[in-house]
1. Could you run the Karplus curve 6.51 cos²θ - 1.76 cosθ + 1.60 with θ = phi - 60° over segment A:259-271 and give me ³J(HN,Hα) per residue in whole Hz, x for Gly and Pro?
2. Using the Karplus curve 6.51 cos²θ - 1.76 cosθ + 1.60 with θ = phi - 60°, what ³J(HN,Hα) values do you get for each residue of segment A:110-115, in whole Hz, with x for Gly and Pro?
3. Which order do the peptides A:99-110, A:194-205, B:317-328, A:305-316 come out in when sorted by mean C-beta neighbours inside 10 angstrom, highest first?
4. Quick check on packing: order B:68-78, A:231-241 by the mean number of other C-beta atoms within 10 Å, highest mean leading.
5. Just tell me how shielded B:235-247 is by partners: mean number of partner chain Cβ atoms within 10 Å of each residue's Cβ, no decimals.
6. Convert each backbone phi in segment B:205-211 into a coupling constant with the Karplus relation 6.51 cos²θ - 1.76 cosθ + 1.60 (shift: θ = phi - 60°), then list the ³J(HN,Hα) values in order as whole Hz, x for Gly and Pro.
7. How far apart, in nanometres, would the label points at B:GLU95 and A:LYS354 be if each is projected 7 angstrom from Cα along the Cα-to-Cβ direction?
8. Partner chain Cβ atoms within 10 Å, averaged over the residues of A:318-329 - can you pull that number for me?
Number of protein chains: 2
Amino acid sequence: MAQQQLDPTDPVKAGPVNGDALAGYLRAQATEFLRSLRQHRETGGSGSAARASSGGGENGTDQTVDAARALRRSARRISGSLHTFRSLLDPDWSERMRPELAWLSGTLAREHAYAARLERLLGALNRLSGSGSEPGSGFPVQAGAEPSAAPKGQLTVGAAKAGALLDRQLTLARTRAHSAALQALGSSRFHAVADSVAVLASEVPLAPTASTADLRPSATAAQGRLLDAVGSLPLLTAGHPYNAEALVHGLSADTSPQPQDVPWHQVRLLLRLHRYAREVLRGGEEYPADVRLLAAGQALNQHRDAAEAASAAASAARTPRIAPATAYALGVLHADQRHEVEAARFTFQQSWQKEAVRTH
Amino acid sequence: MAQQQLDPTDPVKAGPVNGDALAGYLRAQATEFLRSLRQHRETGGSGSAARASSGGGENGTDQTVDAARALRRSARRISGSLHTFRSLLDPDWSERMRPELAWLSGTLAREHAYAARLERLLGALNRLSGSGSEPGSGFPVQAGAEPSAAPKGQLTVGAAKAGALLDRQLTLARTRAHSAALQALGSSRFHAVADSVAVLASEVPLAPTASTADLRPSATAAQGRLLDAVGSLPLLTAGHPYNAEALVHGLSADTSPQPQDVPWHQVRLLLRLHRYAREVLRGGEEYPADVRLLAAGQALNQHRDAAEAASAAASAARTPRIAPATAYALGVLHADQRHEVEAARFTFQQSWQKEAVRTH
């Protein structure tokens, strides 16, 4: 590990930060949560299903999507801060609150995740077909595309059929996720969460000692958990391009999320907690020095997205009675996405190397 | 391009080398050709078909394979030298000789190429199945393996079936190549080549001016052709890991060798000619400084092997009436091998960067 360096923007080294900063941060995030929720309701809340096959964006729909994203963003920050700084908060209250926030942001995230996954997979199919379509000119492989409309050749038909199959499966999943999100937003469970957040916006339940306690040890502990988890990643392998590690088990019988991905997903979550803790210490601001931390986090988002897309391709290939050409295209697609997984690990390793000098 | 550096081992800069060096080199290679041919005949010449499914190696068979390899090795060197130094040789004679040597080494190479391709593909299938078998413990996916003998799961059955299909197709191709090689070795065309090489072993048909002419301009021209060809390769892209270039068109309708591979194959041949020219100038010796050149050449061999293996997987996927799981496994395998193509380009770029400083 690299030697400690003086980082003028490191909030941990800037001097004591007390519970008031945490209270201020939580109040701001709670206010943002309530604002997004109001916007989500006002813009219709149920509009996003309309995007399913148009690919376009009505204004109300875009606003609903933005509102849902902002809602998730603040829910993650509240939940993460409750976790990292739990010793400064009413422990019962924060332990009750966290799973509820996780449930809410998970439920709201799912619809968007299916849409993004489909877009990623159709984009990859086009790239792999060498169609070189310009952005905005529409996908040759797209929702309901007729195989016969695609350029000639068995495998290209396979790509088109694979695209249509993925479109069917992921659109169905997205529609279900949309209904589930609507149902959740109307549930008493949701109203209880919203009420708790409303309380938080005015009165943060700090522990009695919090106003004099220093937040920094908790933030340092969050950073320590991140560093430990990163330390156990196979970064040496990841830093060696084309190590072919991500596709090992690419044909194994086990179809659930690959065990080799798990520690990377874990680091993704811990990196997020670390970033939020830095935000709390800095009074909600993100500093330029966090750019590398953000890049590392984005690589891990790519890692997760590619892993899930690869898994969706493998899962589609198990649909009964598909044509061999369809299955072949899905196999190519699966391998392609697993290589994106490997590429994301490489990118993470590269940005972490730069980060490590500063962080330690 | 990097600035010229003084290379004490560069034969082009060591001083004039006249036609005698070329004559000596050609005589030595011709003698080696005749020795290998004798060994090939004595060890049976027809033994290599026995290797088809045993995977083991009888002594006579191994010797036959070695002899065929040595035969090809000297045929390539003779042919290459005739080309590079054609201005110093009887032009009619060398122009007649070259296609005959190419025909011979091509015919002899084919059997080995199919065997190596099958081994590469079965090895990849095992790696992708995460079977982690130790070297020498035998392939779980191997000639005639029963799908039911493999670990459970549809896709693993797919991998086993894909392995069996590739084994069937490539073993058939190898057997045919073996027969063709045997037939070639008994043909009058072959005997004419062998006679010409026998003449070469005692009396090289140099052009009248050759004994006083300098070989170096021809060697420099060969190097120039290599540098030009390398200069037109997309090395900037290749040096950027995970550029995903090799799999573009991975699902396109065109199934013949990919156009994007052609310039790389061309560089592979030109690099070989450059190496042989250096050998001629140095009296047949390879110098330590050529190690990087060799590494670059090996990367291009990997590139060619992976490209052909990818093509074989795609071709097998077009077999009528295969199961979707088989086609899926072949798709994963195809993409895997195209990524090996990309990895080989990266390796070449890396070793060429090191080489460039010295070569120019």
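1. x, 5, 7, 4, x, 5, 4, 5, 4, 4, 5, 5, 5
2. 4, 4, 4, 4, 5, 5
3. Highest-to-lowest ranking by the protection proxy: A:305-316, B:317-328, A:99-110, A:194-205.
4. B:68-78, A:231-241
5. Details: counts 0, 0, 0, 0, 1, 1, 9, 10, 1, 7, 0, 0, 8.
Mean shielding by partner chains, rounded to a whole number: 3.
6. 3J(HN,Hα) across segment B:205-211, in whole Hz: x, 6, 5, x, 8, 5, 5.
7. Result: 5.8 nm between the two label points.
8. 6
Readers should treat all values here as calculations from the given coordinates under stated rules, not as data from a laboratory. The structure presented is a predicted model; accordingly, all values stated were derived computationally and were not measured. Quick reminder, even Gly has a Cβ in these numbers, built from the backbone with ideal geometry, and neighbours come from all protein chains shown.
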